[in-house]
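Working notes, structure below.
The values are calculated or read from the model by the stated rules, or taken from the named source; none is laboratory data. What you see is a predicted model, and the numbers here were worked out from it, not measured in a lab. Cβ placement follows ideal geometry from the backbone for every residue including glycine, while neighbour counts extend to all protein chains displayed. SASA here: full protein model, heavy atoms, side chains in, ligands and nucleic acids out. Shrake-Rupley method; radii C 1.70, N 1.55, O 1.52, S 1.80 Å.
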Amino acid sequence: MKDILKFNGKIYLVGSMGLVQELDKANLQHTGYGPDVVHGTLQDWVKVKLDPEVTCVLVGYDEHISYMKMMKAASYLQNKNCKFIVTNEDSILPVDRKDIVMPGTGSCAAGIKEASGRVPDLIIGKPHSTLLDCVKEKYHIVPKRTLMVGDRLNTDILFANNYGLQSLLVLTGVSSLEDVESCMKSNSIEHQKQIPNFYIESVKDLAQFMNL
């Protein structure tokens, strides 16, 4: 954030301990981590105190997401000078049980976007270019000789195809071969961009091709 947005203000964080640690490493001030439980009624909620020093809302995966957090985030974003950053737009998280849906960061961010009437100033994760720009600057990679390994067509594989990387779909996560076949049959350009170059059952199977 410091490098990309030249940001050095205070952040309202909707996110996990991992983000807290990263912000601390960058010496960025933040508030909002942890549970923010709803108490009282609507008349009490409108009296909530907002931190006047907050100039950025950062939304990531937050196991403590609540109505109060969404309300505060959307309220801070009424200031047009307050930056709105989202780590990724994954709608769900991969889980073993087929009868359980685990909402991801994208689902949390969608409510804040709708309530605030704002679109993010920056989305860090795939399929957007921010992550690749940072990696290219640090490691000077050659896209055509770089393999993107991922389990989700609409983020990982789309990311690779958008920016000229080779792509490998791992079938132990969100997307399946049936999803690939559906994209191959589709006339949508967006769906065509989600077709991987290769696929593999599991990441552990990759070792046999890497001289490990």
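Of all beta bridges DSSP finds with both residues in the chain, what is the antiparallel percent, to the nearest 5? Display every interim value, and only then the final one.
Numbers: 2 of 23 bridges.
Antiparallel bridges: around 10 percent, rounded to the nearest 5.
What relative contact order, as a whole-number percentage, does the chain give when Cα pairs under 8 Å and 6 or more residues apart are counted? Walk me through the numbers before you get to the answer.
Numbers: 340 pairs, mean separation 27.8, N = 212.
The normalised contact order for the chain reaches 13 percent.
Explain nothing, just the number: relative contact order of region 118-182, from Cα pairs under 8 Å at least 6 residues apart, as a whole percent.
Numbers: 73 pairs, mean separation 18.9, N = 65.
Value for region 118-182: 29 percent.
Find out how many positive minus negative residues lie around Leu50, taking Lys and Arg as positive, Asp and Glu as negative, among other residues whose Cβ is under 13 Å from that of Leu50.
Cβ neighbours under 13 Å give a net charge of +2.
Zone of Val48 (label point 7 Å along Cα→Cβ, backbone N under 14 Å): which residues in region 70-108?
70-78
Given a 1.4 Å probe, how much area per residue of region 88-212 is accessible, in Å²?
It amounts to 64 Å² per residue over region 88-212.
For an R0 of 30 angstrom, estimate the FRET efficiency from the Cβ-Cβ distance between Val37 and Ala115 and round to the nearest 0.05.
Working: r = 19 Å, r/R0 = 0.63.
Efficiency for this residue pair is about 0.95.
Taking the Cα atoms only, what angle lies between the long axis of helix 105-116 and the longest principal axis of the chain, rounded to 10 degrees?
40
Taking N as the number of residues in region 52-147, what value does Rg over Cα atoms divided by 2.2 N^0.38 Å take?
Working: Rg = 15.9 Å, N = 96, 2.2 N^0.38 = 12.5 Å.
That works out to 1.27 for region 52-147.
Go through region 6-94 and name the trypsin sites (Lys or Arg not before Pro) that are in a DSSP coil and have 13 or fewer other Cβ atoms within 10 Å of their Cβ.
Details: sites: Lys6, Lys10, Lys25, Lys47, Lys49, Lys69, Lys72, Lys80, Lys83; in loops: Lys6, Lys47, Lys49, Lys80.
When the trypsin sites (Lys or Arg not before Pro) of region 6-94 are filtered for loop state and at most 13 Cβ neighbours within 10 Å, Lys6, Lys47, Lys49, Lys80 remain.
List the pair-distance distribution P(r) of region 125-212, using every Cα-Cα distance, as the percent of pairs falling in each 10 Å bin from 0 up to the bin containing the longest distance, rounded to whole percents.
Bin by bin from 0 Å, the calculated values are 17, 47, 31, 5.
Which of the lysines could a cross-linker bridge to Lys47, judged by Cα under 27 Å and excluding same-chain residues fewer than eight apart?
Lys10, Lys69, Lys72, Lys80, Lys83, Lys113
Could you tell me what percent of the accessible area of region 98-172 is made up of carbon and sulfur, with a 1.4 Å probe and every protein chain present?
Details: 2220 of 4050 Å².
In region 98-172, the share of accessible area belonging to carbon and sulfur is 55 percent.
Out of region 92-157, which trypsin sites (Lys or Arg not before Pro) are coil in DSSP terms and have no more than 11 other C-beta atoms within 10 Å?
Details: sites: Arg97, Lys98, Lys113, Arg118, Lys136, Lys138, Lys144, Arg145, Arg152; in loops: Arg97, Lys98, Arg118, Arg152.
In loop regions of region 92-157 (DSSP not H, G, I, E or B), the sparsely surrounded trypsin sites (Lys or Arg not before Pro) are Arg97, Lys98.
What residue among Ile157, Ile141, Ile123 shows peak mean-square fluctuation when the chain is described by a Gaussian network model with Cα springs under 10 Å?
Sorting by GNM fluctuation, first place goes to Ile141.
I'm a student and want to see the number: the projected area of the Cα convex hull of region 169-212, averaged over all directions, in nm². List each step's numbers first, then the result.
Values: hull surface 13.3 nm².
Mean shadow area of the hull around the Cα atoms is 3.3 nm².
Would you kindly give the portion of the calculated P(r) for region 5-112 that falls above 17 Å, as a percent of all Cα pairs? Let's see the in-between values first.
Working: 3189 of 5778 pairs.
Tail of P(r) above 17 Å: 55 percent of Cα pairs.
Let me check the size of the chain from its C-alpha atoms; what are the radius of gyration and Dmax in Å?
Expressed in Å, the Cα Rg and Dmax of the chain come to 19.4, 64.
Could you work out the relative contact order of region 50-97? I mean the mean sequence separation of Cα pairs under 8 Å and 6+ apart, divided by the number of residues, in percent.
Working: 34 pairs, mean separation 23.6, N = 48.
For region 50-97, the relative contact order is 49 percent.
For region 169-187 and region 84-138, what is the centre-to-centre distance using only Cα atoms, to the nearest Å?
So the separation of the two Cα centres works out to 20 Å.
So how exposed is His39, as accessible area in Å² (1.4 Å probe, rounded to 10)?
Estimated to the nearest 10 Å², His39 gives 130 Å².
Would you mind calculating the gained length between Asp99 and Gln29 on full extension (0.36 nm times residue separation, minus the Cα-Cα distance), in nm to one decimal? Kindly include the intermediate steps, with their values, before the conclusion.
Working: separation 70, 0.36 × 70 = 25.20 nm, distance 3.96 nm.
Extending this stretch completely gives an extra 21.2 nm.
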